There are 2 protein chains.
Amino acid sequence: MEKNQKKFAEQIQPLRDEIDRIDSDILSLLARRQEQVKKVVALKKTCDVPVFHPAREEDLISRLRTRAEEKKLDPDVIEDLFRVILRHSRVNQASDMRGKGIRPNARVLVIGGAGQMGAMFAALFEKSGYQVRILTESDWENAPGLCADVDLVLVSVPIEKTGAVVEKISPHLPETALLADLTSVKKEPIAAMCRCHKGPVLGIHPLFGPTTTSLDKQIIVVTPGRDPAASHWLVEQLGLWGAVLVQSTPQEHDEIMEIVQALRHFATFCFGRFLYERRVQIQRTLEFSSPIYRLELGMVGRLFAQDAGLYAQIIFATKERRQLLKQFITSLNQHLDMLETNDTQAFIHHFHDIAQWFGPFSDQALRESTFLIERLIERF
Amino acid sequence: MEKNQKKFAEQIQPLRDEIDRIDSDILSLLARRQEQVKKVVALKKTCDVPVFHPAREEDLISRLRTRAEEKKLDPDVIEDLFRVILRHSRVNQASDMRGKGIRPNARVLVIGGAGQMGAMFAALFEKSGYQVRILTESDWENAPGLCADVDLVLVSVPIEKTGAVVEKISPHLPETALLADLTSVKKEPIAAMCRCHKGPVLGIHPLFGPTTTSLDKQIIVVTPGRDPAASHWLVEQLGLWGAVLVQSTPQEHDEIMEIVQALRHFATFCFGRFLYERRVQIQRTLEFSSPIYRLELGMVGRLFAQDAGLYAQIIFATKERRQLLKQFITSLNQHLDMLETNDTQAFIHHFHDIAQWFGPFSDQALRESTFLIERLIERF
């Protein structure tokens, strides 16, 4: 064994040195690639061409996969690697390009611009050459002046204040001004805006939290209020900042958000509360767990690292939401019998019904989450 | 604009050609790297040196980060890339190395070796040079012959059959044989094995499903039964196959699994059932959703792509589990009041208590899941 160790130590070094040299060459090539991409961005800027080119990306990936096979490399690994490289290069390109404004010099008033979401949008408008004004609770006396010649008013205040703020600001607005809000419910705010303001109205719901650093591929729902033609430029601007836009009606938006936000966060809250009530040894359970449990528990832990007030707003926003959550609890209560009588057959029966209803989504979910679990194993 | 387009088309091509050349060179280097790694594996095999060398990996990563900074590359991106490369190379090395058996030619009997988990372990033992025998329900008459000179009996049958199978097989076993099971509960099976068999006993619980393709970094819990020294070789063998081993008592194991498996899967089942009861438009909700919702809904969908019977077993395994799940439902019912009276203050109050109890885990969870969300955005 000792002889083996010595032989190993002697022979491994030149191999490791060669691997280090190869890695260093890879880094040099990545640096050169970065230089070329910068030139492409500069050219796109001069020629006014959009940044992201999905077809070119997919084409590149499929050619790289073919070449990888020729070189006896695993095409999946190569695809993984180049997705990382391309995404990074896209984010860089985007942040360079997104200075561009659709209506530079237009006057934008952000109400609640001191909050996190308001501040984020104020900064985006500013960077794109708009004239940005901020109105906070403490300077309402300046409202008439700030509103006089304004082109866009963006309301970014807590849900429960949106109605009152809209009522208060509307009398000061020119009829041509576009009135828009960022609230996470849409039916009532849109109705309030249409009632109080005679000009164009648009509802905007950005589906991301304040931890987001770029709009790249982030989803924003837009719901029409009045005069869609007059708000088209704003929708286009959001797209240019990299957001993916989803069109909906206020009604549909609110119904879907009951599930996507209220139900989901409430279920997570309940799970966290039960762990707390039982004083479960979180860290020890993690030692015992598959990556998927780590991921699921992470979803619970993640909630409680965020703002309680924000989640209270989301969960309790409307009467319909609270009704839905009560129905959720009622639904759980029906399982008590099954547990009491140890009725696994009932469980299997329900399971199959649900599985059939989920349909192909289940398999897709299994594939996607398995991919993520592999990333998680790789990283942690 | 048209002039711009023409100028762009002319000038972009050479830049894109150069990027393609760089990508091709990167592939060539990766292929050369793969060749070197193969040589390292061959050397390790000859010299009997373990495959995975965590210190060398971390050392490599930190040197690459430094060099990346020198070359004005983002060190996080470079770390991401090389984690993918290293993991891939580790899996390759491992699959080459794991032919090695700690006790080659030892006789292993897998009871239930036709099931997925049994078949997986049978294949691993086979590949490592063990003499593997399979016993299924249909050939119990061969049990005496198969057991005569056996070194290890591995019971891999459904939970509810484990007790009976242990009772049935034990009289045929030589006293020196190691008796082990793969059941996902441990208290009762270990007790049954110790009662029926006079020789060494070990409990094994592999914390991964049948979709797993390699033991690399997968967690396996081992719980002592009798004569740990006599089962040491088996624990070592599991480690050599790449598994991460966690030691526990049968009692602690079962308590933790109540949470990690029963509670978690039951909560997921309840969520899926409610979506089904309301016939929620899954696909449309996905269009409206942040990547994190996609991930959470994926966790639900994933469950229903799997085997109903397996989850019934896990959820209903013991009386203690069913008791815990009833308490979970009771815990949810206490929230009805808060919803009824729209008491956001109560919600915020509970939220803070729970957040404080979760402590640093929450921030860690936020960091980890944000990392995964970025991967998800990148990929889908």
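What follows draws every value from the coordinates through simple rules; no lab data is involved. This is a predicted model, so every value here is computed, not measured. Here the Cβ is made from the backbone with ideal geometry for all residues, glycine too, and neighbour counts use every protein chain on show.
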- Cα-centre dipole for the protein assembly as shown with unit charges at Cβ (Lys and Arg positive, Asp and Glu negative), debye to 20: 1320
- Can you list, bin by bin at 20 Å, the percent of alpha carbon pairs in the protein assembly as shown, starting at 0? 14, 40, 34, 10, 1
- Query: Taking chain A as a Gaussian network, Cα atoms linked when under 10 Å apart, which of A:189, A:174, A:200 shows the biggest mean-square fluctuation?
  - Reply: A:174
- Where the centre of each part is set by its Cα atoms, how far does the range A:244-292 sit from the range B:181-207, in angstrom? 36
- Query: Just counting partner chain Cβ atoms within 10 Å, what average do the residues of peptide A:252-259 show around their Cβ?
  - Reply: 4
- Note on the structure: To the nearest 20 debye, the range A:234-380 has a Cα-centred charge dipole, built from +1 on Lys and Arg Cβ and -1 on Asp and Glu Cβ, of 620
- Note on the structure: The farthest towards the positive end of the charge dipole of the protein assembly as shown, of the residues A:241, A:300, B:327, given +1 on Cβ of Lys and Arg and -1 on Cβ of Asp and Glu, is A:241
- Note on the structure: The equivalent-ellipsoid semi-axes of the range B:80-189, taken as the square roots of five times the Cα gyration tensor eigenvalues and listed largest first in whole Å, are 31, 17, 11
- In Å, what Rg and Dmax follow from the Cα atoms of the range A:111-174? 11.3, 32
- Could you check which residue among A:309, A:203, A:115 shows the biggest mean-square fluctuation in a GNM of chain A with a 10 Å Cα cutoff? A:309
- Task: Answer with one residue from A:346, A:28, A:215: the one whose Cα lies farthest towards the positive end of the charge dipole of chain A, charges on Cβ with Lys, Arg +1 and Asp, Glu -1.
- Result: A:28
- Query: If exposed trypsin sites (Lys or Arg not before Pro) are those in a DSSP loop with at most 11 other Cβ within 10 Å, what is the longest stretch of chain B that has none?
  - Reply: B:73-278
- Average partner coverage of B:262-273, which counts Cβ from other chains inside 10 Å: 6
- Task: Using only atoms on other chains, find how many Cβ atoms lie within 10 Å of each Cβ of peptide B:12-23 and report the average.
- Result: 5
- Query: So what is the orientation-averaged projected area of the range B:107-248, using the convex hull of its C-alpha atoms, in nm²?
  - Reply: 7.4
- Task: Note down the nm distance, to one decimal, between modelled labels 7 Å out along Cα→Cβ at residue A:9 and at residue A:251.
- Result: 7.9
- Task: For the range A:253-379, just say rounded, prolate or oblate: build the C-alpha gyration tensor, square-root its eigenvalues into a ≥ b ≥ c, call rounded for a/c under 1.5, and beyond that prolate if a/b exceeds b/c, oblate if not.
- Result: rounded
- Message: What distance in nm separates the two pseudo spin-label positions at residue A:131 and residue B:43, each 7 Å out from Cα along the beta-carbon direction?
- Response: 7.0
- Excluding residues fewer than 8 places away in the same chain, name every one of the lysines whose C-alpha is closer than 28 Å to that of residue B:168. B:186, B:187, B:198, B:319
- Task: Can you find, among A:129, B:190, B:164, the residue farthest towards the positive end of the dipole of the protein assembly as shown? Put +1 on the C-beta of Lys and Arg, -1 on that of Asp and Glu.
- Result: A:129
- Query: Taking all pairs of different Cα atoms in chain B, averaging 1/r and flipping that mean, what Kirkwood radius in angstroms comes out?
  - Reply: 25.3
- Task: Can you list which of the chymotrypsin sites (Phe, Trp or Tyr not before Pro) found in the range A:111-143 are DSSP loop residues with at most 15 other C-beta atoms within 10 Å?
- Result: none
